[in-house]
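> Structure incoming, see below.
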Amino acid sequence: MTLFAFVADDFTGATDALWQFRRFRLTGSLVTDVAHLHDTDDVIGIATTARASADPVSMVLPALKAMAALEPLAIQYKVCSTFDSSPAHGSIGAVIAALHREGLARGPVPVLAAQPELGRYTWFCNHFVRTGDEVHRLDRYPPMRDHPVTPASEADLRLRLAEQGAGLVGWLPAPAPPFSSLSPPSPSEGAYRALGEESAFIADALTEDHVRALGRLLLADAGGRAPLYCVGSGGLSYALASARSTTTTGPAGTLGPAAPVLVVSGSRSPITARQIDTAERAGWRVLDASDGLRRATRGGAVNAISDGPPSGTTGSFADLFAQVAESLGEGRHTIVQSTRGPARDPAAVGDLLGRIASATVRAGLVRRLVVAGGDTSGQVVAALGARSLDVIASLAVGGPVCVLSADDPACDGLEVALKGGQVGGDDYFLRAAAGTSSC
C-alpha cells in the first residue's frame, strides 16, 4: 500500500525526499518515469527536471495525476529548500495554480519550505538560510541573491508565489520558542481551519518540533480529503514521515571505502567550490569541463563531441575522457568540474558531464559516482539510463547515496550520490570516497 507519493522538481531534491521517508524505516523507491510507478512500497517518488523548465506544469502534472490512482494519504510536490523558482523557470506558483485548476487540490495547498536540520527556516513567511554560524534572509544570501537562473529578489514566500501566479497565499504561524518540552508546539488548528479562500498557505517552522507538529496536523487532515496535495522541501517529507512513524534508524545499507571515485560537478555554488578545493588539497585530480566543451578543428572541419569513449579520433571530448580514464585507471579520485571560473552554458555542461560519467561507468572504471548540481544530476542520471534509485546511506543532510537500477548491466547497481550545490560540508567528497555516513 502506498502511504506517500512525491514528484520532485530536480533529481537531488528527489533523493533527499526519499531519504527523509526511508530514514523513518518506510520502504520506498524513486523512479524516472510514470511508466515505472508501482504500489509495492510505502513511498514512491518520481524525479523530474521541472526546476529548469519554462513550463514545469506540463512536466509534473501528469505524474501528480497518475499518483492519485495509488490512493496515498498525501502527494508532495518536492521543491528546493531555497525555493529555487521564478515566473520563467520552475514556477512553483504555476504548479499550485494547476492543482486548483485541475480539481486536484481541495483546499489551500500547504507549503513548507523550511528544513531546520539543513539550516532552512521560515518565520512570518520570510525564508532564511544558515551557512556556518550566520543566518541570512534568502534575498540577502549571495548564492541565491545572485543565482544565474532563479535569483531570489524577495524573501517573503507569499509574494514569491503570488508573482508566479499562485493566487491568494495565506500564512500558518508556528509558536515562538522557548516552549515546554512537556507540551510540544503545534500550529494553531484553529488558524489552519480558518484557511479557506487562499489557494495556498506558507507554514512557518524554526525547529524540528515545528516540522513534526505540522506533519501531524496535515496527516490528520489528509484522512478527510485524501490524497492531500502539498508542496515543500525535504522538511515536508520529514514532517509527513514523522507523523506516520517515530523510528529513525534509516535504511539498513552501509557504505565502505571506494576507489576510485568520480565526481562530476556542474554546480556554481561556492559551497561546492570549497568542496573541490578540499579534495584537491587531499590529492584528488581536478579537471576542467571546459576542456571538453571546446570542439577541436582539423583541416577546417569541426569534430563532433563523441557520445562515448574515444575510438581513434582526436578532439576535446576524447582528450578529456583520456585524462579521466588515465586518472581513474591509476586509482586516483577524480573531479570533472564546471564550478570554477566563468559561467558556461548549463545545458552543454550537463550534457558533457553526463557523457563523461556514462563513458567511465560503461568502461568499468568507476562504481561510485558523485554528481554536484541539481540540473546536472538529471542529465547524468538520464545518460546512465536509470529506471529507479533507492537510498542506502547519507553523507550529509540532503546528500544521500543511492543504488541505481538500469537495464545496462554496466550501470545497474552503481552507487550514486546526487548533491545539491548548497549541500554538505567542505569534506563532502572525502566522505564520499571513505563511505562515511552522517546519519
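> May I ask you to list the residues in region 327-342 that are touching a strand residue (DSSP E or B) at 6+ places or on another chain (Cβ under 9 Å) and outside any loop (DSSP other than H, G, I, E, B)?
327, 328, 334, 335, 336, 337
> Specify the residue that is modelled with the highest pLDDT; the eligible residues are those in region 245-268 that are more than 23 Å from residue 436 (Cα to Cα) and surrounded by 20 or more Cβ atoms within 10 Å (Cβ to Cβ).
Top of the filtered list is 266.
> Please find, within region 393-439, the residue that is nearest to residue 277 (Cα to Cα) out of those that are modelled with pLDDT under 90 and among the β-branched types (Val, Ile, Thr).
423
> Here is a further query. Kindly indicate whether any position in region 186-194 is buried (at least 18 other Cβ atoms within 10 Å of the Cβ), under 25 Å from the mean Cα position of the chain (by Cα) and either within 20 Å of residue 2 (Cα to Cα) or modelled with pLDDT under 95 (or both). Walk me through how you get there before you give the answer.
Step one: filter region 186-194 for residues buried (at least 18 other Cβ atoms within 10 Å of the Cβ), giving 187, 192.
Retained after the next criterion (residues that are under 25 Å from the mean Cα position of the chain (by Cα)): none.
No: region 186-194 contains no residue that is buried (at least 18 other Cβ atoms within 10 Å of the Cβ), under 25 Å from the mean Cα position of the chain (by Cα) and either within 20 Å of residue 2 (Cα to Cα) or modelled with pLDDT under 95 (or both).
> Here is a follow-up. Just name the residue that is farthest from residue 32 (Cα to Cα) out of those in region 341-352 that are buried (at least 18 other Cβ atoms within 10 Å of the Cβ) and under 18 Å from the mean Cα position of the chain (by Cα). Give the derivation first.
First, the residues of region 341-352 that are buried (at least 18 other Cβ atoms within 10 Å of the Cβ): 346, 349-352.
With the extra rule that they be under 18 Å from the mean Cα position of the chain (by Cα), the set shrinks to 346, 350.
Numbers: 346: 21, 350: 17 Å.
So, considering only residues that are buried (at least 18 other Cβ atoms within 10 Å of the Cβ) and under 18 Å from the mean Cα position of the chain (by Cα), the one farthest from residue 32 (Cα to Cα) is 346.
> Still on this structure: Against the definition (in contact with an Asp or Glu (Cβ under 9 Å, 6 or more places away or on another chain), at pLDDT below 95 and crowded, with 20+ Cβ neighbours inside 10 Å), how does residue 82 come out, yes or no? Explain how you work it out, then say what you get.
Details: in contact with an Asp or Glu (Cβ under 9 Å, 6 or more places away or on another chain): no; at pLDDT below 95: yes; crowded, with 20+ Cβ neighbours inside 10 Å: yes.
The answer is no for residue 82.
> OK, next. Do you know which of the residues in region 377-415 that are polar (S, T, N, Q) and in contact with a Ser or Thr (Cβ under 7 Å, 6 or more places away or on another chain) is surrounded by the most Cβ atoms within 10 Å (Cβ to Cβ)? If you could, list the steps in order and put the result at the bottom.
Of the residues in region 377-415, the ones polar (S, T, N, Q) are 377, 379, 388, 394, 405.
Narrowing the set further to residues that are in contact with a Ser or Thr (Cβ under 7 Å, 6 or more places away or on another chain) leaves 377, 388, 394, 405.
Values: 377: 31, 388: 20, 394: 24, 405: 20.
Filtering region 377-415 for residues that are polar (S, T, N, Q) and in contact with a Ser or Thr (Cβ under 7 Å, 6 or more places away or on another chain), the one surrounded by the most Cβ atoms within 10 Å (Cβ to Cβ) comes out as 377.
> Scan region 61-83 for residues that are touching a strand residue (DSSP E or B) at 6+ places or on another chain (Cβ under 6 Å) and not in a loop (DSSP other than H, G, I, E, B) and jot them down.
Matches in region 61-83: 63, 64, 67, 74, 75, 76, 77, 78.
> So which residues in region 275-296 are at pLDDT 95 or above, part of a helix (DSSP H, G or I), open to solvent by 10 Å² or more (accessible area, probe 1.4 Å) and not acidic (Asp, Glu), if there are any at all?
Those that are at pLDDT 95 or above, part of a helix (DSSP H, G or I), open to solvent by 10 Å² or more (accessible area, probe 1.4 Å) and not acidic (Asp, Glu): 278, 281.
> Quick one: would you say residue 364 is at pLDDT 90 or above and surrounded by fewer than 20 Cβ atoms within 10 Å (Cβ to Cβ)? Let's see the steps before the verdict.
Working: at pLDDT 90 or above: yes; surrounded by fewer than 20 Cβ atoms within 10 Å (Cβ to Cβ): yes.
Spelling it out, residue 364 is indeed at pLDDT 90 or above and surrounded by fewer than 20 Cβ atoms within 10 Å (Cβ to Cβ).
> Can you confirm whether region 219-242 contains a residue that is at pLDDT 90 or above, open to solvent by 50 Å² or more (accessible area, probe 1.4 Å) and more than 24 Å from the chain's Cα centre (by Cα)? It would help to see each step written out before you state the result.
So the first thing to find is which residues in region 219-242 are at pLDDT 90 or above, and the list is 219, 227-242.
Narrowing further to those that are open to solvent by 50 Å² or more (accessible area, probe 1.4 Å): none.
Among the residues of region 219-242, not one is at pLDDT 90 or above, open to solvent by 50 Å² or more (accessible area, probe 1.4 Å) and more than 24 Å from the chain's Cα centre (by Cα), which makes the answer no.
> Among the residues of region 140-155, which ones are exposed (fewer than 15 other Cβ atoms within 10 Å of the Cβ) and either under 14 Å from residue 88 (Cβ atoms) or in contact (Cβ under 8 Å) with a residue 24 or more places away in the chain (or both)?
If the condition is that a residue be exposed (fewer than 15 other Cβ atoms within 10 Å of the Cβ) and either under 14 Å from residue 88 (Cβ atoms) or in contact (Cβ under 8 Å) with a residue 24 or more places away in the chain (or both), then 142, 148, 151, 153 are the ones that fit.
The values are calculated or read from the model by the stated rules, or taken from the named source; none is laboratory data. Everything quoted here is computed from the prediction, not taken from an experiment. As a convention, Cβ positions derive from the backbone with ideal geometry for all residues, glycine included, and neighbour counts pool all protein chains shown. Ligands, DNA and RNA are stripped out before the accessible areas are found, and what is left, the full protein with its side chains, is counted by its heavy atoms. Shrake-Rupley method; radii C 1.70, N 1.55, O 1.52, S 1.80 Å.
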